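One structure below.
The values are calculated or read from the model by the stated rules, or taken from the named source; none is laboratory data. Since we're looking at a predicted model, the values are computed, not measured. When we count neighbours, we look across all protein chains shown, and the Cβ atoms used for this are built from the backbone with ideal geometry, even at glycine. Ligands, DNA and RNA are excluded from the accessible area calculation, which covers all protein heavy atoms including side chains. Shrake-Rupley method; radii C 1.70, N 1.55, O 1.52, S 1.80 Å.
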Amino acid sequence: MCGIIGCTGRETETLDVLLHGLDTLEYRGYDSAGVALANGTVEVCKREGEIDRLRAAVDPAMDGPVGIGHTRWSTHGPPTDENAHPHTDCTGDVAVVHNGIIENYDELKAELTAAGHEFESDTDTEVVPHLVEDALADGLSRDEAFRSAVARIEGSYALAAVFAGSEAILATREGSPLVVGVGDDAAYLASDVPAFLEYTDRVVYLDDGEFARLESGSWTVTDAEGRLLEKSISQVEWDAEETAKSGYDHYMLKEIHEQPRALRKCLRGRVDELTGTVDVEALEGLTAESVQFVACGTSYHAALYGAQRLQAAGVPAQAFLASEYATAPAPVSEGTLVVGVTQSGETADTLAALRRAQARGVETLAMTNVVGSTAARDCDRTLLIRAGPEIGVAATKTFSSQVVACNLLSATLADRGDSREIVQALRDLPGQIQEVLDSSRAEAVAERFVDSDGYFFIGRGHQHPVALEGALKMKEITYKHAEGFPAGELKHGPLALVTARTPVFAIVTGTDEEATKTVGNVKEVEARDAPVVAVTDGASTVDRYADAVLELPETEPCVAPVLANVQLQLVAYHVANKLGRSIDKPRNLAKSVTVE
Ligand code: F6R
């Protein structure tokens, strides 16, 4: 999705700061990029395609004490130089960047065109600088003109504007993230903290309907009427190094390897090994008669797992795809807790589902990785998963952290005395993931099956969400067909697709009934000549029927899915790498999906 960066107060370094910020925002997914610097005039440079194309096109002498930049992910109009942001008014004195969608842009464009404004792009965004231009012509100040333009638009947006002859950035948000970075003599603006994290870790999170004015080292936030608001500065715990590749070929591989550290952070200060107790400050006093999880994609798979854990703990729970829940929510009662599982905290579908729940008066909890994200600020409570910044578009470490956080939630709500083994298993998990990372044969498996027609993933119970997640990871970064199923479902249809050219990854741990039945399903697959890759702790007989084995250390059955998933992440990574795919930025995908 689109990204915004802005800075004021960096004098001759403005362009460098903007381009660096755009590089950092790349991971959100984009198809064009641009910058505008304001001095006596406003200079704009924008290009369809990669940021390097913009970097090559930009005049290094382009200078100004203030500027804004943007990575665009097309919604209105194809990716072209003209449709890239920033957009300007007829005079060229106002430049605007925008994330989100302006729903009433058609009528505004018709009105502005009739009044003589000339448009250069197909975008919804371009109405904004023209509205500002009209308001300035009516004699309003820049701040008033910006507010009056914003008052005319409907939709979801994060907007930032610069003006010829001004060193200020004016910005606002409604339903799309925007955060101010507070430097000593400079101020920054971004849709995402990593964009300016190299320069400051002090941030001010804007809320919907608020307006920010940044000028050199100063910043103010006002409401839509221009009344000053008191906002506090937060310290971000992430550091810039966490957003660097640190010698890995891809962020995804780095983030897979960061899982031990991420899980240690998630657990720190929250579990007591000796007593087996879980004590999470954010969940203090929380009770729930039933739980509904809402989430999308990988987070939905973690939510499915979370619902299983709560059910096992005696708390009725269900997981819903947020996009479905937003339009057709499940019945709730007074004691229902709705949990939004969202790494970014900005996924529009999940936010819509949470809002739907709030409108029905139930308590909401955001399970998220991003402090100050919309979900974190909108929900009654926030359980931070503490995975650290995840830059690769494909979610990896955040899934593991979500799974661990689901265990913290279920232990809190269940209030049972039998959590000691689970707590111990959770404490052992980082070390066991390290074992898997150090000894995995995933690359050899990837090499052997890279030319396959497609991939199937099967698992029962707690391994079912991992089967789904294994398939999602495979398809999103390799562009190959992959499907995950509850192991018992394969024979009810999908088995028709199984051939000698479609390996089946079977996740089987332990020796319980689930494992025995899944081994039975593996035999069905084997009888159809399909290669079987067993992802297993070796407790069952599954390896007898397998063409390849990915080994897992032994652990509690409910913790094993994290280990199995690490093996599947590595397989997907290596297949994608061998196919030369764009692993960190898969085609058509964005890290943070801020449209419904
Ligand atoms: C897949 C992936 C997506 C996200 C989904 C929800 O690798 O990253 O499926 O999980 O878009 O995103 P969040 O967790 O930010 O709500």
Going residue by residue through the stretch 516-530, the Karplus relation 6.51 cos²θ - 1.76 cosθ + 1.60 with θ = phi - 60° gives ³J(HN,Hα) values, rounded to whole Hz and with x marking Gly or Pro, of 4, 5, 5, 4, x, 5, 5, 4, 4, 5, 4, 5, 9, 6, 7
Give me the percent of accessible area attributable to carbon and sulfur for the stretch 321-416, probe 1.4 angstrom.
46 percent
Could you compute the FRET efficiency for Arg261 and Leu589, with r as their C-beta to C-beta distance and R0 at 30 Å, rounded to 0.05?
0.75
Cβ crowding within 10 Å averaged over residues, with 455-462, 40-47, 254-261 ranked highest first
455-462, 254-261, 40-47
Provide the per residue accessible area, probe 1.4 Å, for the stretch 45-90, rounded to a whole number of square angstrom.
39 Å²
Per residue and in Å³, how big is the convex hull formed by the alpha-carbon atoms of the stretch 1-147?
102 Å³
Highest mean first, how do 98-106, 188-196 rank when packing is the count of other Cβ atoms within 10 Å averaged over residues?
188-196, 98-106
Non-local residues with an amide H under 5 Å from the amide H of Arg441, with H modelled 1.01 Å from N and Pro and chain starts lacking one, are Glu551
How large is ³J(HN,Hα) for each residue in the stretch 126-140, as worked out from phi by the Karplus curve 6.51 cos²θ - 1.76 cosθ + 1.60 (θ = phi - 60°), to whole Hz, x for Gly and Pro?
4, 5, 5, x, 5, 5, 5, 4, 4, 5, 5, 5, 7, x, 6
Approximate spin-label separation Asp453-Glu524, in nm, with each point projected 7 Å along Cα-to-Cβ
1.9 nm
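Would you mind computing Rg(Cα) / (2.2 N^0.38 Å) for the stretch 1-70, counting N as its residues? Display every interim value, and only then the final one.
Details: Rg = 11.0 Å, N = 70, 2.2 N^0.38 = 11.1 Å.
Normalised Cα radius of gyration, the stretch 1-70: 1.00.
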Binning at 10 Å from 0, report for the chain what percent of all alpha-carbon pair distances ends up in each bin.
4, 17, 26, 24, 17, 9, 3, 0, 0
3J(HN,Hα) from dihedral phi, the stretch 91-96, Karplus parametrisation 6.51/-1.76/1.60, rounded to Hz, x for glycine, proline
7, x, 9, 10, 10, 10
Please report the projected area of the stretch 437-575's Cα convex hull averaged over all directions, in nm².
6.9 nm²
Between Ala312 and Asp59, what is the label-point separation in nm under the 7 Å Cα-to-beta-carbon projection?
6.4 nm
Gain in length, Asp249 to Ala444, computed as 0.36 nm per residue apart minus the alpha-carbon separation, to one decimal in nm?
68.4 nm
Segment Ser234-Arg427, extension gain: residue separation times 0.36 nm, minus the distance between their alpha carbons:
66.5 nm
Which net charge results for the neighbourhood of Val498, defined as the other residues with beta-carbon distances under 12 angstrom from its beta-carbon, given Lys and Arg at +1 and Asp and Glu at -1?
-2
I want to verify the translational diffusion coefficient of the stretch 135-259 in µm²/s; compute it with Stokes-Einstein, Rh as the Kirkwood radius over Cα pairs, at 37 °C and 0.692 mPa s.
205 µm²/s
Any lysines with Cα under 27 Å of the Lys473 Cα? List them, leaving off those in the same chain fewer than 8 positions away.
Lys245, Lys254, Lys265, Lys397, Lys491, Lys517, Lys523, Lys578, Lys585, Lys591
Where both partners of a DSSP beta bridge lie in the chain, what percent of those bridges are antiparallel, to the nearest 5?
60 percent
Per the charge dipole of the chain (beta-carbon charges, Lys/Arg positive, Asp/Glu negative, Cα centre), the residue among Val436, Ile102, His250 reaching farthest to the positive end is Val436
Calculate, axis by axis, the spread of Cα positions in the stretch 475-517 along the three principal axes, and write the results as whole Å, longest axis first.
35, 23, 17
For the chain, give the magnitude of the charge dipole about the Cα centre (Cβ charges: +1 Lys/Arg, -1 Asp/Glu; no others), in debye to the nearest 20.
1900 debye
Packing-ranked peptide list from 382-392, 344-354, 543-553, highest mean Cβ count within 10 angstrom first, is 344-354, 382-392, 543-553
